[in-house]
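S.K.: I have a structure here, written as structure tokens, and I will follow up with some questions on it.
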Amino acid sequence: MIIKNAKIFDGEKFIEEDAVVLEGKFIKKVTDFSLIDEKELENQELVDAKGMVLSPGFIDLQINGCGGVLFNDDISRKTLEIMNETNKRYGCTSFLPTLITSPDEKIEKALNLMKEIKDKEEIGVLGLHIEGPYISVEKKGIHRPEYIRVLSDEMIEKIANAGPEATKIITIAPEKAKVEHLEKLKKAGINIAVGHTNATYKECMEKKDYFNCATHLYNAMRALDSREPGVVGFLFNNDTTNCGIIVDGLHMDFASVEIAKKILKDRLYLVTDAVSPAGTDNMTEFMFEGNRVLYKDGKCVSPEGTLGGSALVMIDGVKNLVEKVHVSLEEALRMATSYPAEAVAVDEKYGFIKEGYVADLTYFDDKFNVKGTVSKGNLTKYE
């Protein structure tokens, strides 16, 4: 397959070349279409992306569900396949299915599923994001308080032994974390994210060497205050923690995203924190790990008014960054591609349009409508 006439963003910048040649699941080369000889064009599928931006496929490091399904509800390959097909429609080709606070049995089931699915990357799955139960009751959000707990030594051992192939990120509240648990997880190569935490600035600093990520910046964490800088202050005042942020205009004001972007620069990446209504048009409510969540006007909220995930899709997050947060298109695309790839150390295969990289690509028009997504070399076109 050859995609031609595109305005190519390669993960770092827009480039002069206008064509990408694919071979199987990989990118063979990036070149000018005029330089491809006739012999090479023989038996090739040509895709004309004239007037389109061609980007690496988006990478979502926090997604609970979409397309009418939730990972917490049904920990199965079928759920992941539905999530992947829905994601592709909006430019996302890789994701971390996110398991929120739940009993040990569900965590074990999710770990076993990652081991069982030998071809998980073929359906877009890079590994799990285990979001809880090792969190703070005070900053629980939609998570059920009766399940919030310090994980047992045995469960930490299981997560660590399964390694980063199974779990890419685990969200933990620093004030609840045992140092020996953090050490074991870090040694195993699992990224540990600050999140759902009421920690003080001091508590964060005491354990800062273990945390290299943060879960949905601003949300469900102690805010920045003059006398207590809190978790947000800690994240703003170090240079080693990468932060996910939900740019839907509901989880925070767009101006707050703008402030964070100016401070964090390339350490801020886009996530959706999406739940089942994302990518659907007929849902009005759903259950999220035993909690009723209402969906109206793009907002997912419990009857008590607590946000319960989002209905954001990645291309709309990119659009919001450009149109509402006043970020350049290049930088918005970095926040959806290379930055998340680098945050979980998959940037040698994903997040860029370069020779030898996995052929995960998406192209969209000037209104941010995705017209086609290539996943592992296979193209799906959209109207």
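The values are calculated or read from the model by the stated rules, or taken from the named source; none is laboratory data. As the structure is a prediction and not an experimental result, all values here were calculated from the model. Cβ atoms come from the backbone with ideal geometry, glycine included; neighbour counts cover every protein chain shown.
S.K.: Those residues that are within 23 Å of Ala193 (Cβ to Cβ) and either in a strand (DSSP E or B) or of a type in the set (D, E, K, R) (or both), I need them from the range 254-284; list them, please.
M.R.: Glu258, Lys261, Lys262, Lys265, Asp266, Arg267, Leu268, Tyr269, Leu270, Val271, Asp273, Ala274
S.K.: Search the range 253-304 for residues being closer than 20 Å to Lys140 by Cβ and among the basic types (Lys, Arg), and hand back the single one that is nearest to the chain's Cα centre (by Cα).
M.R.: Lys299
S.K.: Can you pull out every residue in the range 268-283 that is in contact (Cβ under 8 Å) with a residue 40 or more places away in the chain and either aromatic (Phe, Trp, Tyr) or over 23 Å from Leu99 (Cα atoms) (or both)?
M.R.: Tyr269
S.K.: Working only within the range 199-211, note down all residues that are part of a loop (DSSP other than H, G, I, E, B) and surrounded by fewer than 20 Cβ atoms within 10 Å (Cβ to Cβ).
M.R.: Thr200, Lys207
S.K.: Could you please let me know if Ser338 is on the phi < 0 side of the Ramachandran plot, touching a Pro at 6+ places or on another chain (Cβ under 8 Å) and of a type in the set (Gly, Ala, Ser)?
M.R.: For Ser338, the condition - on the phi < 0 side of the Ramachandran plot, touching a Pro at 6+ places or on another chain (Cβ under 8 Å) and of a type in the set (Gly, Ala, Ser) - is met.
S.K.: Another question, if that's okay. So which pairs qualify, if the first residue must be in the range 138-163 and farther than 30 Å from Ala223 by Cβ, the second must be part of a loop (DSSP other than H, G, I, E, B), the Cβ gap must be under 8 Å, and the two must be at least 6 apart or on different chains?
M.R.: Going by the 8 Å Cβ cut-off, the qualifying pairs are Ala160/Ala188; Ala160/Ile190; Asn161/Ala188; Gly163/Ala188; Gly163/Gly189; Gly163/Ile190.
S.K.: Looking at Ile82, Ile100 in this structure, which one is of a type outside the set (S, T, N, Q) and either outside the structural domain of Ala336 (by TED's automatic domain parsing) or surrounded by 24 or more Cβ atoms within 10 Å (Cβ to Cβ) (or both)?
M.R.: Residue meeting the stated conditions: Ile100.
S.K.: Between Glu342, Glu348, Glu355, which is among the acidic types (Asp, Glu) and closer than 18 Å to Met1 by Cβ? Step through it out loud before you land on a result.
M.R.: Values: Glu342 fails: closer than 18 Å to Met1 by Cβ; Glu348 fails: closer than 18 Å to Met1 by Cβ.
The unique qualifying residue is Glu355.
S.K.: Quick check, is Tyr339 of a type in the set (Phe, Trp, Tyr), in contact with a helix residue (DSSP H, G or I) (Cβ under 8 Å, 6 or more places away or on another chain), in a helix (DSSP H, G or I) and within 21 Å of Ile169 (Cα to Cα)?
M.R.: yes
S.K.: Mind checking which residues of the range 108-141 are of a type in the set (Val, Ile, Thr) and in contact with a Pro (Cβ under 8 Å, 6 or more places away or on another chain)?
M.R.: Passing the criteria: Val125, Val137.
S.K.: Any residue at all in the range 31-52 that is crowded, with 19+ Cβ neighbours inside 10 Å, under 26 Å from the mean Cα position of the chain (by Cα) and in a strand (DSSP E or B)?
M.R.: No: the range 31-52 contains no residue that is crowded, with 19+ Cβ neighbours inside 10 Å, under 26 Å from the mean Cα position of the chain (by Cα) and in a strand (DSSP E or B).
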